[in-house]
């Protein structure tokens, strides 16, 4: 069934963060200010590669209104950061390696003064040769960007002997796939407010996808103990992986500590483009061979990633790309060699899809070419080589059993879009000249293509992947739920609220959802890798029995009633539905207004089983339940509000859980255990006069288990897909000699509402294998992967041209018009 | 030529306008950007800062009912004008119908583009109560959204149109 508002029924709900967002009342972290606040700015290198000979900051320091000018000498702790490897200088010492490298930081009374102060800092540079590509970095005699060379990470995987297997192949396809430097383009640029507290602590209001990781990193840099730093990290005006790593936080923190004044930093878009992360450009060479029946005998892959000047998560992205270059297919033999290379280009790092986008673009291109080579339909070719439901993962690792590949394949096969292609194909063999339709301009050619995606979730083997959460009855009677996950816009709060309503029976008004505050929430790991939904679901599954039992036991003791007659519900403890149902009576939950309950609870400040839901007699009080025989009651009613329970319970009622994301018992770093599958079909139109491609229609089947939050699910797949549309058609942060050729959104083109026009159908496949207890899989990334290769397939269907580079170059599709 | 350090800020002038229906007197340099005036001087942070070159629409406000990028508008251009920001749309007791439609349809995710988007939709529907798809695309092409893929936004616009038709 297609996912939309109608098919979702009552599960389609307004998000808890919605009113604040549509009214503008929600203050983002970059909207916050503080009294006596200073403005922070960072001086960045103008050169992609240079030695620093001297930094003269005296004039800047002497400028009235300037309160601090920091250089590397002012970093009290570790002058380095990076989630995995701390090789990126907070403030450069003797060398800069890209145009975003920070050399000094300034705090001043106003932005204008800070700007002027930056211009007064004199840095003497000696230019060094620019390493502008991985090829240049790997060449003999290349300048070394780091002490141990220009290679951040190498990884490989081998099974069988591809050289032997290629010798027996009937067809071999060799191609090199080139993918662009894509920018996250979150609408809120990096920034935050940094506040030194009276007690010497530091409060950081700045978006990140893992508050505790920022706390750890800032602790290293400032030399302060972690518990002296508080990170407030949600809400976030978009991240997509781009704000997981530190950005402005080191400068804000150091400036605030140095001046003992609140400091605000909010990057301009230009600075965001220059300093921020991008998706790794990768060159992926593939050589794949099949036998006469279309079975893949050998698959050889060489991946070269441009990771830019510093590590961040470049190694992990490469591991992910290596795994995902294999996909949901069976191979006789496999060989993957991957390398991630330092250059003087912009920083590459974590980005939604995490290396899978590049790998699957290449892999799906191979599948289409192989199908061509053996004369098979491309979708049938994929079925011919598809993994079995009990097959191990790409690295041969044990994974959770899944039939997702077949489910997604079947769904796409049955889709009207793919059926249309099949009809076109059979029509084309008979009447090729008439199949394109009568009235259309002859230079507009349409085609339909598809792609198949297998995407791992969680961080993988060998990387700490904690999960967990806390739920408690707060003193004010709210059910307070605490998670260390972040609201990036994906709808995390809405998903959490809906799970609490559906699993526990709470009403939204009963709840207080607490996230994004390291002083309060448990460390439940990062909000990355499509893991947060799964982890929250699992946490609630683990928390529910104990928490429910404690609440009911406390209520039973206060009411003098047996626990088994009680249940959790809107506003408080109710007599069990079972009684009402057994007697065939209608529950009265719907009649209860929460406001009445709260008012009643407030008035009585105690236990109330007076039948608030009753006929209006109001105060027919029967306190402590001694006189009430609930078993004789004919209707469900609220017996005790959460507030009253909180006021009377002798000890706090709280439940906490912590565990790890499921990982494969396999000794290979990064190998995944849970996989999600998707199939994407797209109809595209190519204007052969201009070479421009327009997407007309999309179909997405996603096999990720139960839909937790329909609105969020739909939004993630739609939004991810349009991000892939940009990846396929327009987005590339070009670099020339280590300098960005684009600095803002006038030349870096993300899709507009006009580009995104066209129908999009989303079909979730919710069925999991019997006994699967891992719960719903995250879908934050998978929607961003498949559209790009599907568009390339559609372009081929329309024009007969196979392209190997993203974004599509219109010049490759434009044709000289021929008038006959 | 003067040294940069000798440059003084432009002298302030006085401008009168209304912001969300209230009379406002601005004593500011004539070239101060409306975006900074709204966010910093008036502390109305619903209007967002993003590209600052008039491309993304996150700072869209209404000036005499027309959608304008506040990042490209200077103080002197506001003189005598009626300015409406996202904070000026809702009534105390209810959301503006366009806001309600965005809430109902989930026409937002991170929410950072949402105020500007809602301002543009409001202006569109005042101008053309029953726009075609092409007119919707044209009116909103100056508002970038990176999260939604515009699906929820288009549904919200259509809902707002339908509701407007039902109770004009």
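Any idea which of A:704, A:794 is in contact (Cβ under 8 Å) with a residue 40 or more places away in the chain, within 30 Å of residue A:660 (Cα to Cα) and more than 14 Å from every other protein chain (Cβ to nearest Cβ)? Full working, then the answer.
On the way: A:794 fails: within 30 Å of residue A:660 (Cα to Cα).
Exactly one residue qualifies, and that residue is A:704.
Mind checking which residues of segment A:42-67 are surrounded by 14 or more Cβ atoms within 10 Å (Cβ to Cβ) and part of a helix (DSSP H, G or I)?
A:59, A:60, A:61
Let me confirm something: among B:88, B:54, B:80, B:65, which residue is more than 8 Å from every other protein chain (Cβ to nearest Cβ), on the phi > 0 side of the Ramachandran plot, touching a strand residue (DSSP E or B) at 6+ places or on another chain (Cβ under 8 Å) and surrounded by 15 or more Cβ atoms within 10 Å (Cβ to Cβ)? Let's see the steps before the verdict.
Values: B:88 fails: on the phi > 0 side of the Ramachandran plot; B:80 fails: surrounded by 15 or more Cβ atoms within 10 Å (Cβ to Cβ); B:65 fails: surrounded by 15 or more Cβ atoms within 10 Å (Cβ to Cβ).
After applying the criteria, what remains is B:54.
Looking at segment A:99-116, which of its residues are in a strand (DSSP E or B) and either surrounded by fewer than 22 Cβ atoms within 10 Å (Cβ to Cβ) or within 14 Å of chain B (Cβ to nearest Cβ) (or both)? Break it down into steps so the answer makes sense when it comes.
Going residue by residue through segment A:99-116, those that are in a strand (DSSP E or B) are A:102-108.
Residue satisfying the conditions is A:108 alone.
With respect to residue A:354, determine if the residue is assigned to a loop (DSSP other than H, G, I, E, B) and in contact with a helix residue (DSSP H, G or I) (Cβ under 7 Å, 6 or more places away or on another chain). Break it down stepwise before answering.
Details: assigned to a loop (DSSP other than H, G, I, E, B): yes; in contact with a helix residue (DSSP H, G or I) (Cβ under 7 Å, 6 or more places away or on another chain): yes.
Criteria met by residue A:354.
Which residues, counting only those in segment A:19-36, are touching a residue at least 60 places away in the same chain (Cβ under 8 Å) and either in a helix (DSSP H, G or I) or within 9 Å of chain B (Cβ to nearest Cβ) (or both)? Outline the logic, then answer.
Kept after step one, since they are touching a residue at least 60 places away in the same chain (Cβ under 8 Å), are these residues of segment A:19-36: A:26, A:28-30, A:32-36.
The answer is A:26, A:28, A:29, A:30, A:32, A:33.
Restricting attention to segment B:123-149, which residues are more than 7 Å from every other protein chain (Cβ to nearest Cβ) and either within 23 Å of residue A:16 (Cα to Cα) or modelled with pLDDT under 95 (or both)?
B:145
Looking at the structure I just gave you, is residue A:306 more than 14 Å from chain B (Cβ to nearest Cβ), within 26 Å of residue A:355 (Cβ to Cβ), assigned to a loop (DSSP other than H, G, I, E, B) and in contact (Cβ under 8 Å) with a residue 60 or more places away in the chain? Before the answer, list the steps.
Values: more than 14 Å from chain B (Cβ to nearest Cβ): yes; within 26 Å of residue A:355 (Cβ to Cβ): yes; assigned to a loop (DSSP other than H, G, I, E, B): no; in contact (Cβ under 8 Å) with a residue 60 or more places away in the chain: yes.
Here the answer is no, as residue A:306 does not meet what is asked.
Which number in (1) within 30 Å of residue A:174 (Cβ to Cβ); (2) surrounded by fewer than 24 Cβ atoms within 10 Å (Cβ to Cβ) marks the one condition that residue A:728 misses?
All conditions pass for residue A:728, except number (2).
Just one of A:636, A:632 is farther than 30 Å from residue A:524 by Cβ, modelled with pLDDT under 95 and surrounded by 21 or more Cβ atoms within 10 Å (Cβ to Cβ); which is it? Show your work before the answer.
Details: A:632 fails: surrounded by 21 or more Cβ atoms within 10 Å (Cβ to Cβ).
Result of the check over A:636, A:632: A:636.
Of the conditions (1) out of contact with any helix residue (DSSP H, G or I) (no Cβ under 6 Å at 6 or more places or on another chain); (2) crowded, with 22+ Cβ neighbours inside 10 Å; (3) more than 14 Å from chain B (Cβ to nearest Cβ); (4) under 14 Å from residue A:81 (Cβ atoms), residue A:262 clears all except one; give me its number.
Unmet for residue A:262, out of (1) out of contact with any helix residue (DSSP H, G or I) (no Cβ under 6 Å at 6 or more places or on another chain); (2) crowded, with 22+ Cβ neighbours inside 10 Å; (3) more than 14 Å from chain B (Cβ to nearest Cβ); (4) under 14 Å from residue A:81 (Cβ atoms): (4).
Quick test for you: out of A:197, A:190, A:174, pick the one residue that is touching a strand residue (DSSP E or B) at 6+ places or on another chain (Cβ under 9 Å), in contact (Cβ under 8 Å) with a residue 40 or more places away in the chain and not assigned by TED's automatic domain parsing to the domain that holds residue A:352. Spell out how you get there, then give the answer.
Values: A:197 fails: in contact (Cβ under 8 Å) with a residue 40 or more places away in the chain; A:174 fails: not assigned by TED's automatic domain parsing to the domain that holds residue A:352.
Matching residue, one of A:197, A:190, A:174: A:190.
Would you check if residue A:656 is within 14 Å of chain B (Cβ to nearest Cβ) and either outside any strand (DSSP E or B) or surrounded by fewer than 24 Cβ atoms within 10 Å (Cβ to Cβ) (or both)? Reasoning before the result, please.
On the way: within 14 Å of chain B (Cβ to nearest Cβ): no; either outside any strand (DSSP E or B) or surrounded by fewer than 24 Cβ atoms within 10 Å (Cβ to Cβ) (or both): yes.
Criteria not met by residue A:656.
For every residue, the table says whether it meets (1) over 30 Å from residue A:261 (Cβ atoms); (2) under 23 Å from the mean Cα position of the chain (by Cα).
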position: A:1; (1), (2): yes, no
position: A:6; (1), (2): yes, no
position: A:9; (1), (2): yes, no
position: A:14; (1), (2): yes, yes
position: A:25; (1), (2): no, no
position: A:28; (1), (2): no, yes
position: A:32; (1), (2): no, no
position: A:39; (1), (2): no, no
position: A:42; (1), (2): no, no
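Return the residues of segment A:756-776 that are outside any strand (DSSP E or B) and within 9 Å of chain B (Cβ to nearest Cβ); say none if nothing qualifies. Let's see the steps before the verdict.
Narrowing segment A:756-776 to residues outside any strand (DSSP E or B): A:756-758, A:766-776.
Passing the criteria: A:756, A:757.
Restricting to segment A:117-129, count the residues that are surrounded by fewer than 20 Cβ atoms within 10 Å (Cβ to Cβ) and away from chain B (no Cβ under 14 Å).
Looking only at that region, the number is 6.
Quickly run through segment B:155-168 and pick out the residues that are within 23 Å of residue A:783 (Cβ to Cβ) and either crowded, with 24+ Cβ neighbours inside 10 Å or facing chain A (nearest Cβ under 7 Å) (or both).
B:156, B:157
Filter segment A:144-159 for residues that are surrounded by 14 or more Cβ atoms within 10 Å (Cβ to Cβ) and outside any strand (DSSP E or B) and give the result. Steps first, please.
First, pick out the residues of segment A:144-159 that are surrounded by 14 or more Cβ atoms within 10 Å (Cβ to Cβ): A:145-146, A:150-153, A:155, A:157, A:159.
If the condition is that a residue be surrounded by 14 or more Cβ atoms within 10 Å (Cβ to Cβ) and outside any strand (DSSP E or B), then A:145, A:146, A:150 are the ones that fit.
Does at least one position in segment B:95-106 carry a residue that is in contact (Cβ under 8 Å) with a residue 24 or more places away in the chain, within 14 Å of chain A (Cβ to nearest Cβ), touching a strand residue (DSSP E or B) at 6+ places or on another chain (Cβ under 9 Å) and surrounded by fewer than 24 Cβ atoms within 10 Å (Cβ to Cβ)?
Checking segment B:95-106: not a single residue is in contact (Cβ under 8 Å) with a residue 24 or more places away in the chain, within 14 Å of chain A (Cβ to nearest Cβ), touching a strand residue (DSSP E or B) at 6+ places or on another chain (Cβ under 9 Å) and surrounded by fewer than 24 Cβ atoms within 10 Å (Cβ to Cβ).
Out of curiosity, is residue A:84 away from chain B (no Cβ under 14 Å) and not in a loop (DSSP other than H, G, I, E, B)?
Values: away from chain B (no Cβ under 14 Å): yes; not in a loop (DSSP other than H, G, I, E, B): no.
So residue A:84 does not fit the description; no.
The values are calculated or read from the model by the stated rules, or taken from the named source; none is laboratory data. Just so we're clear, the structure is a prediction, and the values are computed from it rather than from any experiment. Cβ coordinates were reconstructed from backbone atoms using ideal geometry, including for glycine residues, and neighbour counts include every protein chain displayed.
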